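J.: Please read through the structure below; I'll follow up with questions.
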Amino acid sequence: LLIHGVTASAATWWRVGPALAASGRTVMAVDLPGHGLTGHWLGHHRFRDNAADVLLFADAAGLITPSLQVVGHSWGAVTAAALPAAGMRPATLVLLDPPTVPHAIISAMAADPDERTYDDLAEASAAVRRDNPEWTDEDVLAKAEALTQLDADAARAVLLENGDWDGGLRDLADPAAASVSTWVVRGDPRAGGLVPDA
């Protein structure tokens with residue numbers, strides 16, 4: 001089960017999903033509230049609320065098995081960290097750059113004029129390409145498409161109404177997460193990673 005970050009969508013897994021499927025795994029990527037093709041936003045932006053919604057999806061999709069592995073990026077990683085407390089105990093949690101930053105840094109991200117919605121895919125693609133010249137065309141398209149589907153209020157709520165982001169550490173300390181194999185993959189802070197050295 002692949003869980004994307006804020007201002008992205010399930011399409012962000014365009015490379016990882018097929019690669020995992022080619023290895024024989026069943027793979028699903030979910031669109032989180034206010035993102036991708038979820039339709040209207042229902043206000044479920046708090047980490048544990050979001051995890052409860054992901055649990056409902058996974059249960060309905062028949063994904064909850066003893067061998068379930070969950071990979072989450074950023075907001076998706078913090079959501080994944082809350083899954084055991086919500087009632088899902090995957091075999092493995094892989095948390096890709098789960099933000100561990102104070103609210104002030106998250107607030108600055110929410111104010112970034114480049115992180116906005118677009119009505120036009122071509123305009124969004126040009127903006128994403130300008131900001132990320134080294135990205136592949138597929139990466140640019142996935143992000144640009146997500147920015148045309150994004151509910152801006154949902155993204156702002158995710159960023160601003162969760163307080164300090166602790167990378168899911170509080171939820172991983174919950175007894176329900178005991179013995180769940182957990183991997184944290186840290187992005188380099190010099191390249192935008194949100195897990196500081198400390």
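The values are calculated or read from the model by the stated rules, or taken from the named source; none is laboratory data. Keep in mind the model is a prediction, meaning the values are calculated, not measured. Counting neighbours? That spans all protein chains shown, and the Cβs are built from the backbone with ideal geometry, glycine included. Keep in mind that these areas ignore ligands, DNA and RNA; they rest on the heavy atoms of the full protein, side chains included. Shrake-Rupley method; radii C 1.70, N 1.55, O 1.52, S 1.80 Å.
J.: Evaluate the following for Leu56: is it in contact (Cβ under 8 Å) with a residue 60 or more places away in the chain and over 15 Å from Ala176 (Cα atoms)?
T.: Details: in contact (Cβ under 8 Å) with a residue 60 or more places away in the chain: no; over 15 Å from Ala176 (Cα atoms): yes.
Against the criterion (in contact (Cβ under 8 Å) with a residue 60 or more places away in the chain and over 15 Å from Ala176 (Cα atoms)), Leu56 does not qualify.
J.: Another one. Quick one: how many residues across region 68-118 are closer than 19 Å to Thr12 by Cα and either of a type outside the set (Val, Ile, Thr) or free of Cβ contacts under 8 Å to residues at least 60 places away in the same chain (or both)?
T.: Let us first name the residues in region 68-118 that are closer than 19 Å to Thr12 by Cα, namely 69-80, 93-99, 114-118.
Those left that are additionally either of a type outside the set (Val, Ile, Thr) or free of Cβ contacts under 8 Å to residues at least 60 places away in the same chain (or both): 69, 72-77, 80, 93, 95-99, 114-118.
Total meeting the criteria: 19.
J.: What residue, of Ala126, Ala122, Ala157, is at negative phi and modelled with pLDDT under 95? Don't jump to the end; show me each part of the working.
T.: Working: Ala126 fails: modelled with pLDDT under 95; Ala122 fails: modelled with pLDDT under 95.
Step by step, each of Ala126, Ala122, Ala157 is checked, and only Ala157 is at negative phi and modelled with pLDDT under 95.
J.: Looking at Arg156, Arg116, can you tell me which residue is among the charged types (D, E, K, R) and touching a helix residue (DSSP H, G or I) at 6+ places or on another chain (Cβ under 6 Å)? Reasoning before the result, please.
T.: Numbers: Arg116 fails: touching a helix residue (DSSP H, G or I) at 6+ places or on another chain (Cβ under 6 Å).
Unique residue meeting the criteria: Arg156.
J.: Turning to a different aspect of this structure: Does region 2-29 hold any residues that are assigned to a loop (DSSP other than H, G, I, E, B) and among the hydroxyl-bearing types (Ser, Thr, Tyr), and which are they?
T.: Listed by number, the residues that qualify are Thr7, Ser9, Ser23, Thr26.
J.: Just to confirm my filter: which helices (runs of 4 or more DSSP H) fall fully inside region 92-181 and include at least 1 residues that are of a type outside the set (Val, Ile, Thr), open to solvent by 20 Å² or more (accessible area, probe 1.4 Å) and more than 30 Å from Thr65 (Cβ to Cβ)?
T.: Working: elements: 103-110, 121-131, 137-149, 152-160, 169-172.
Hits in region 92-181: 103-110, 121-131, 137-149, 152-160.
J.: Conditions: (1) buried (at least 18 other Cβ atoms within 10 Å of the Cβ); (2) touching a Phe, Trp or Tyr at 6+ places or on another chain (Cβ under 9 Å). Met28 meets all but one. Number of the miss?
T.: (1)
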